[in-house]
Structure formats: C-alpha cells, structure tokens
Amino acid sequence: MSDIQIALLILGLTIILFMIIFNWIQLKKTRAKQKKTESMHRQKDPLFDNGSNNPPELDDYIVHDPINQPVSKEFLKKNLPDEINMDFESVVSLTLNKTSEAGVLLNLNLTSYLQDLRLSLYLRKDNDLWATGEAIDESFTFDQILLSLPLISRKLDITEDVKKNFLDFIEKIREHLEVNQIWLSNEDIVERADELRTFKTLINKNFLVKIQPKTDSSFHFGAFQDFFNKANIRVYKDFHWYFDPKVDGQKMFKIMNLNRQPLRIESDAFIQGIIVSLDIPATSNSLEAFEEMVNLMNEFCIKLNAVMVDGRNKEIDSVYVASIKNHMNQIVKEMEKHNLTPGSQQAQKYFA
C-alpha cells in the first residue's frame, strides 16, 4: 500500500472511532436526563409522595366506592347536572360506601321536604348520568346523592328555618344510609341568600298590561272570539298563551281574565278586560317576546276598540312602552352577566 492509502485508512478509522465515542457520550447524557425527569414526576405524583410536598386538603376528598378510591371535590363540581348553577344554589354531595336501592329513600317520606324547600334530588351509580324525578323508582340502584337548594327561588325565601329544614333533610338521609358528605357550594346558606337578594329582586319581574274597552262596558263577543282564533294563541293548562311563531311549542306570554284566572270565551261571557303577562326571567328570548306582545296588543286595541292601561288604569303610550323595554334590557343583561339565561332550564327552575 502506498503512503497515501495508509494515511487515508488511518483517517477513516479515526473518524469512525470518534463517532462511536461521541454517540456513547450523547446516549449517556440522554439517559441521565430521563432519570432526572422521572424522579421529578415521582416527586409530584401522589402515588410516590415522600412527605416533602404538602398533602391535599382532606375535605376536598370523599370515599366513592368500597375500595376507598378518592373522588375530588373538583371532579364532583365538573360532573354536576346541567341545570345546577352553583352560584345560586346550595349543593351537597352524599356518597355511599356501597350501593343501595332508591326504595330506601322513597320509604323515608321525603316528598314534603322536596316540595316545601323546592329541593332537587339526583341519584346515580358510579359515573352514570344523574337521574331525578320520575326516572327514579324503588329498584333504582345508586351510590351517589346530590341535593340542591335554590337560593333565588321565586317561591321560597331563605330563612334560618329553611336552612334548619334542609340540614334536617340531610341528617334524615344520613341516619338511614352510611354516607360521606361534602359541600360543593354555598354551605353558608342564609348569608349567601342575603348576598343574592338584590339580584333576585331586580330580575324577578312579571310585566303586566291591562287592556279594556275604550267606550263600551265589555268586549263584543264575535270580534273577541275571532281574535283568539289566531294561530299563535293556544290554550295550555287552561290558560291562553301566545306561542313563538319561530319556535313551535315555545310559550312567550300569557293572556288571562282581569282576575288573573283563565279566560272563558263563550257567547254569554261578559269580558270587561284582559291582562297580558310576560314573565321576564322565565321566558326565552324575552326581548323578542316583548316585541311580539306589543304588536299583538296594538292589533287587539285596533280591532276591538280597546286601550292599554297600567295598574292605575292610566293609558299606556309609546314612551311608557319604550321605558319598559329599556328596563327589560337591563334585566336581561344583568342575568347574562351572572351566566343565567332568561328561559333557560336554570331560570325556569328558579322562576317558573
């Protein structure tokens, strides 16, 4: 071999040896980094807790099943029924150590509690969908109970007595079932209800307008009957309702007698006036419903020679209507600011 060939061979072997050594060093560094990362993960993983980290709050965990696997408070909050709004409800979770049949609860005669307190009760097993109302029969098996007390219900003022009855209700369940209890929201029931009182008063509005004959003592039956044969006015649970022309089956406002009882549209009926009522928080698309309501009332007044008046029998003009619309707009904005949509399932639960 020539000197040049020998030199090239030595150079090639040197390069190969250098690459082997370089790769070995890089592999060693990579493995060291992996060991360090795994060590950090172990320190953060509660399964490898060496006592150096602060333990989680014990109140944030409850026993969920017979093998004592913990369920966090945050997990429970993220898996609530859609119609629960924790800002406006006092919510408590009761988790059993073993499954039970709903017959145990049904035999406790809890119906009066549920009705008087406007309580919502939900049951489920493991991570199934929550069941409530008619979906629960005696054979329904469950290992979780959810109780929700509304704090802004139109039909319930929160007092110390209400709080006591709610706690008694919980205790009655605890006496018959071995449960682990955790409050998910508003354990300070009365205090939180007091904080919400101004908001509740603001949005708890039912707009009423009275319409009466302009000159006669009562409406003429023929014209009155013809008007109520309009396609969007239907009877629902004895009352006449105006239904949304865009959304079939969605009620917008109610039409009733002057004594707020159902209208009796019969030939011998002596109708001296009607009341048109729009429930702001319980009505979907409240502002659109108001527009439909104003249009219908104007049409009614033209066709039946009638006039719109307020509670003091003072005639309502366009300025008054505009002020009502502006006030309604403020109410809707305030509700939406608190993530409460007019006519939603949540709003219906509180104000229907």
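The values are calculated or read from the model by the stated rules, or taken from the named source; none is laboratory data. All of these numbers come straight from a predicted model, not from anything done at the bench. All Cβ positions, glycine included, derive from the backbone under ideal geometry; neighbour counts span all protein chains shown. Note: areas computed on protein heavy atoms with side chains; ligands, DNA, RNA excluded. Shrake-Rupley method; radii C 1.70, N 1.55, O 1.52, S 1.80 Å.
At 0.36 nm per residue, minus the direct Cα-Cα distance, what do K78 and D248 gain on full extension? Give it in nm, one decimal, please.
Here the answer is 57.9 nm.
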Please name whichever of L129, I145, F88 sits farthest to the positive end of the charge dipole of region 84-164, dipole taken about the Cα centre and charges placed at Cβ: Lys and Arg +1, Asp and Glu -1. F88
Estimated dipole of region 58-198 in Debye, rounded to 20 [Cβ of Lys and Arg +1, of Asp and Glu -1, Cα centre]: 100
In whole µm²/s, the translational diffusion coefficient that Stokes-Einstein assigns to region 294-339, given a Kirkwood hydrodynamic radius over C-alpha pairs, 10 °C and 1.306 mPa s, equals 129
Just need log10 I(q)/I(0) for region 166-219 at q = 0.13, 0.14 Å⁻¹, Debye formula, equal scatterers on the alpha-carbon atoms, no solvent, rounded to two decimals. -0.62, -0.66
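Loop-only check: which trypsin sites (Lys or Arg not before Pro) in region 140-188 are DSSP coil with at most 15 other Cβ within 10 angstrom?
Qualifying residues, ordered by number: K155.
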Restricting everything to alpha-carbon atoms, can you work out Rg to Rh for region 234-352 with a Kirkwood hydrodynamic radius? 0.98
Among the listed pairs K200/K314; K205/K230; K155/K337; K98/K125; K73/K349; K164/K205, which are separated by more than 18 Å between their Cα atoms? K200/K314; K205/K230; K155/K337; K73/K349; K164/K205
Given the Cα-Cα distance of D126 and D87 and 0.36 nm per residue of separation, how much length would full extension add, in nm? 11.5 nm
Can you figure out the FRET efficiency of N329 with D157, using R₀ = 22 Å and their beta-carbon distance, to the nearest 0.05? 0.20
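Hey, with R₀ at 45 Å, roughly what FRET efficiency would N180 and S218 work out to, going by the Cβ-Cβ distance, to 0.05?
It comes out at approximately 0.10.
Students often check this: by mean Cβ neighbours within 10 Å, which of 87-98, 310-321 ranks highest, and how do the rest follow?
On the way: 87-98: 19.6, 310-321: 11.0.
Per-residue Cβ counts within 10 Å, averaged per peptide and sorted highest first, yield 87-98, 310-321.
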Explain nothing, just the number: dipole magnitude of region 257-311 about its Cα centre with +1 on each Lys and Arg Cβ and -1 on each Asp and Glu Cβ, in debye rounded to the nearest 20. 180
Looking at region 237-317, which chymotrypsin sites (Phe, Trp or Tyr not before Pro) are DSSP coil and have at most 15 other C-beta atoms within 10 Å of their C-beta? F270
Those GluC sites (Glu not before Pro) from region 238-291 that are DSSP loop and have at most 12 other Cβ neighbours within 10 Å turn out to be E266
Projected onto their principal axes, the Cα atoms of region 175-281 stretch, largest extent first, over whole-Å spans of 65, 32, 29
In nm, what is the difference between 0.36 nm times the number of residues separating E138 and Y236 and their Cα-Cα distance? 32.1 nm
Taking the Cα centre of region 166-315 as the origin and placing charges on Cβ (Lys, Arg +1; Asp, Glu -1), which of V179, L202, F270 is farthest toward the positive end of the dipole? F270
What figure, in Å² to the nearest 10, do you get for the accessible area of K325 with a 1.4 Å probe and non-protein molecules left out? 90
Förster radius 41 Å - calculated FRET efficiency between L208 and E187 (Cβ-Cβ, nearest 0.05): 0.60
Please report, in Å, the Rg and the Dmax of region 205-253, where both are computed over Cα atoms only. 13.1, 37
Give me the distance in nm between label points sitting 7 Å out from Cα along the Cα-to-Cβ direction at E291 and I265, one decimal. 2.5
